[in-house]
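Student: Here it is: the structure, laid out below.
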Amino acid sequence: MFNPTVARLTYRALLGRRRALILCVLPALLLVVAAAVRAMNGADDAVTSQLLGGFALATLVPLIGVIAGTGAIGPEIDDGSVVYLLSKPVRRSTVIVTKLIVATAVTAVFSAVPVLIAGFVLNGNSQQLAVAYALAAVVASVAYSALFLLLGTVSRHAVVLGLVYALIWEALIGSLVEGAKTLSVQQWALALAEKVAGSGADVDSSVGLPVALVLIVVVTVGGTVLAGQKLRSLTLAAEE
């Protein structure tokens, strides 16, 4: 289910000069903000939780997921080069799973690692907040990558749709509207952070951990399966 050649091509596409620059800007912004907050306020667990939960998980991780998830396959579909890839003796499911693994790895590296560093900068990992939010970012990376990889296969406007989802749903509606929180990847990830963080930490999720894990699995598996099916239809259309 993993093809090294497809993985190498996907990594090269995602880490090209322009995308790599965008991927680096967002984590750098988080680290700059974290250093400024620490310099002005000192170590503060509540502020750390607000910044890592309210900015990192709600905005940084989904935006990086949009770039990595849609970029893993969207450009190939747009320029038609996916037909060349699909002409090779590689199963469509292998192509999708490989691209999902690559997109997840890129999203996790460019989000979870900066979140971990920012947590140590903000409060030295007091109440295990740095580790808790970093693990939450890893889990969110999996769901976001599957979701945005699916968008990349079904729409030529995947980036726009992904940005709408990341900025409107996750950063705004999913954070404020009570009923919508159940369908927010951010809240699912926060459930893990709440479990890992210390008992006195200000980390709260609207979704229980068992439900959150089930929903993450459903979104990841469902998105992967649907993306694979869409890829098969693209192959048939190209052959016709």
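No value in this document is a laboratory result; all are computed from the given coordinates. Owing to the predicted nature of the structure, the values given are computational and were not obtained by experimental measurement. Here Cβ is always computed from backbone atoms with ideal geometry, including for glycine, and neighbour counts include all displayed protein chains.
Student: Note down the nm distance, to one decimal, between modelled labels 7 Å out along Cα→Cβ at Leu167 and at Val33.
Tutor: 1.4
Student: Which one of Ser81, Val102, Phe120 has its Cα pushed farthest toward the positive end of the charge dipole of segment 1-153, where Lys and Arg give +1 and Asp and Glu give -1 at the Cβ?
Tutor: The residue sitting farthest along the positive end of the dipole is Ser81.
Student: Cα to Cα, under 22 Å, and not fewer than 8 places away if on the same chain: which lysines meet these conditions relative to Lys195?
Tutor: Lys181
Student: Another question, then. Which length gain, in nm to one decimal place, applies between Arg19 and Arg91 when the Cα-Cα distance is subtracted from 0.36 nm times their residue separation?
Tutor: In short, 23.2 nm is gained.
Student: I'd like the trypsin sites (Lys or Arg not before Pro) in segment 135-214 restricted to DSSP loop residues with at most 11 other Cβ atoms within 10 Å, sorted by number.
Tutor: Arg156
Student: Okay, moving on. Go ahead and estimate [θ] at 222 nm for the chain from helices alone: -39,500 (n - 2.57) per DSSP H run with n ≥ 4, summed, over the residue count, rounded to 500.
Tutor: Result for the chain, helices only: -24000 deg cm²/dmol.
Student: Let me ask something else about it. Note down the magnitude of the dipole of the chain about its Cα centre, charges +1 on Lys and Arg C-beta and -1 on Asp and Glu C-beta and zero elsewhere, to the nearest 20 debye.
Tutor: The dipole of the chain has a size of about 840 debye.
Student: What are the semi-axes of the equivalent ellipsoid for segment 1-142, taken as the square roots of 5 times the Cα gyration tensor eigenvalues, largest first, in whole Å?
Tutor: 35, 14, 10
Student: Right, another one. Given the options Val159, Val109, Val33, state which has the largest fluctuation in a GNM of the chain using a 10 Å cut-off (strictly under) for Cα springs.
Tutor: Val33
Student: Would you indicate which of (i) 136; (ii) 112; (iii) 122 is the value of volume of the Cα convex hull per residue in Å³ derived from the coordinates of this structure?
Tutor: Here the calculated entry is (ii).
Student: Compute the helix-to-body angle for 129-154: its Cα long axis versus the longest principal axis of the chain, expressed 0 to 90° and rounded to tens.
Tutor: In the chain, helix 129-154 runs at an angle near 30 degrees to the longest axis.
Student: Give a residue-ordered list of calculated ³J(HN,Hα) values for segment 29-38 (Karplus: 6.51 cos²θ - 1.76 cosθ + 1.60, θ = phi - 60°; whole Hz; x for Gly, Pro).
Tutor: 4, 4, 5, 5, 4, 4, 5, 5, 5, 5
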